[in-house]
Amino acid sequence: MRIALMVVRIFFKAIVYFVQISYCGHSRKVTFEQAYRIIQNAAKNANRAGRVTVEVHGEENIPKEDGFIFFPNHQGMFDVLAFLETMKRPFSLVFKQEVKDIILLKQIREALHYIPMDRSDMKQSMKVILEASNRVKAGENFLIFAEGTRSRKGNEILPFKAGAFKAATKAKAPIVPVALLD
């Protein structure tokens, strides 16, 4: 219901955001930072349109230098929007392959260099972990949902996937635990 509200309230702005985000994914003139700011602005407006309020506590615990990984619990489809709205420093994301070609998600993936993971293919999953690890070593920040899927039980955390922390340990990168509530 809330997603429908978002779409209705920002329908015309969404078309503009879609064009801007698509351009970011295909233009070499747009930096990662610029693409992130455009998408962040779209996320802020989408959250506002959906009447989603995001509160952040503990920002002082985020490492000062880039090259870290956020590991939040995963409650729903708004999780990434909450991160995009509130995180001042750009990040990329490892996400499930099943959504990689959904309109708008595909354009965001291309603009922010998100990495799709086929959770049923162990060999491909290892390649994704290595790519994320190498990019973190090079100074990029990432967001990885350690549970691997959304919890349908509110604030109850699902068991973490076995390989969830491998990218961080391989890169010897700081792990930033995050609790998403309600």
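The values are calculated or read from the model by the stated rules, or taken from the named source; none is laboratory data. Computed from a prediction, not measured in an experiment: that's the story for all the values here. Every residue, glycine as well, gets a Cβ built from its backbone with ideal geometry; the counts of neighbours run over all protein chains shown. Ligands, DNA and RNA are excluded from the accessible area calculation, which covers all protein heavy atoms including side chains. Shrake-Rupley method; radii C 1.70, N 1.55, O 1.52, S 1.80 Å.
For the stretch 137-161, the residues whose backbone nitrogen is under 20 Å from a point 7 Å from the Cα of K127, taken along Cα to Cβ, are 137. Test of the criteria: in the stretch 26-90, which GluC sites (Glu not before Pro) are in a DSSP loop and have at most 13 other Cβ atoms within 10 angstrom of their Cβ? Answer by residue number: E55, E65. Atom-type composition of the exposed protein surface of the stretch 37-166 places 55 percent of the accessible area on carbon and sulfur (1.4 angstrom probe).
Annotation: amide H of I115 within the under-5 Å range of L93, V94, F95, sequence separation 5 or more or interchain, hydrogens built in the peptide plane. Overall shape: rounded for the stretch 64-182, with the ratio a/c of the largest to smallest alpha carbon gyration tensor axis below 1.5. If you line up the long axis of helix 122-137 against the longest principal axis of the chain, both from Cα atoms, how many degrees apart are they, to the nearest 10? Between helix and principal axis, roughly 80 degrees. Per residue, the stretch 23-182 exposes 57 Å² of solvent-accessible protein surface, assessed with a 1.4 angstrom probe and all protein chains in place. Bridgeable lysines around K172 (alpha carbons under 26 Å apart, same-chain partners fewer than 8 residues away excluded): K64, K88, K96, K123, K127, K137, K161.
Contact order, relative form, for the chain: 29 percent (alpha carbon pairs under 8 Å, 6 or more residues apart, mean separation divided by residue count). Shown here for the stretch 36-106: trypsin sites (Lys or Arg not before Pro) in loop regions (DSSP other than H, G, I, E, B) with at most 13 other Cβ atoms within 10 Å, namely R51, K64, K88.
Put simply, the amide H of V176, placed in the peptide plane, has neighbours under 5 Å in I69, F70, F71, leaving out anything fewer than 5 places away on its chain.
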